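The values are calculated or read from the model by the stated rules, or taken from the named source; none is laboratory data. Quick caveat: nothing in here was measured; it's all calculated off a predicted structure. FYI the Cβ positions are ideal-geometry reconstructions off the backbone, even for glycines, and counts take in every protein chain you see.
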Amino acid sequence: MTRHTQKNSPPRQRRTPEQWAGASLLGIVVILLGFQVIARFGFGRSFSWLEEVSRFAFVWAVYFGFIVAAEADRHIRVALHLQLLPPKGRLMMLTLADMLWLAFNAVVIWHGYHFTISMFEFPYISQTTGINLVWVQMIVPLGFVFISIRVFQVMIARWSDGFDLHDARLGD
């Protein structure tokens, strides 16, 4: 690559820890399920714990995907009306929607926290792996905490920089 092409090429985007965690967990799911398929159909042997662990990893990967979507402001929302509003109205409407989302997240975090604490007090043990399922269920309050942080960062960026006043889901 010449110096000229390096200069004109777009900057490489840095990956966030959430992207790495989600990709790693999906990789684990693929590896475990691939091994399970090979063991079952190639050798006539099945490992029940593989399916359960891959399911746990998949649930965590989905929550990390939610966090990545929140960071990129790519979550699902009804957005057709936003194009009809002036930029200031669009900013206010997006802020209102994000504030409602943060309120919902606070409720999920609150109840998820208490549910997690109760699972430490009264453990629910997986029959296949023998682990306390609190470690799997813990992603619910943790995931919503991280989602809330990312939503708050997007809100701050919108207000301070006028960042992305068009809705990302509508295209350009």
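Just give me the residues in segment 36-58 being closer than 30 Å to Asp98 by Cα and crowded, with 19+ Cβ neighbours inside 10 Å, in sequence order.
Phe56, Ala57
Can you find a residue that is surrounded by 16 or more Cβ atoms within 10 Å (Cβ to Cβ) and not in a helix (DSSP H, G or I) anywhere in segment 59-76?
The answer is yes; a qualifying residue exists.
Can you work out which of the residues in segment 7-35 that are polar (S, T, N, Q) and either modelled with pLDDT under 95 or in contact with a Lys or Arg (Cβ under 9 Å, 6 or more places away or on another chain) (or both) is surrounded by the most Cβ atoms within 10 Å (Cβ to Cβ)? Show your work before the answer.
Start the filter on segment 7-35 by keeping residues that are polar (S, T, N, Q), which leaves 8-9, 13, 16, 19, 24.
Still in the running and either modelled with pLDDT under 95 or in contact with a Lys or Arg (Cβ under 9 Å, 6 or more places away or on another chain) (or both): 8-9, 13, 16, 19.
Working: Asn8: 8, Ser9: 9, Gln13: 7, Thr16: 15, Gln19: 17.
By that ranking, first place goes to Gln19.
Name the one entry in Val108, Val68 that is closer than 27 Å to Trp20 by Cβ, at pLDDT 95 or above and under 23 Å from the mean Cα position of the chain (by Cα).
Values: Val68 fails: at pLDDT 95 or above.
Val108 is the lone residue from the list that is closer than 27 Å to Trp20 by Cβ, at pLDDT 95 or above and under 23 Å from the mean Cα position of the chain (by Cα).
Return the only residue of Ser160, Ser148 being modelled with pLDDT under 90 and of a type in the set (Gly, Ala, Ser).
Matching residue, one of Ser160, Ser148: Ser160.
Which one is modelled with the lowest pLDDT among residues in segment 78-102 that are part of a helix (DSSP H, G or I), surrounded by fewer than 11 Cβ atoms within 10 Å (Cβ to Cβ) and not polar (S, T, N, Q)?
Leu80
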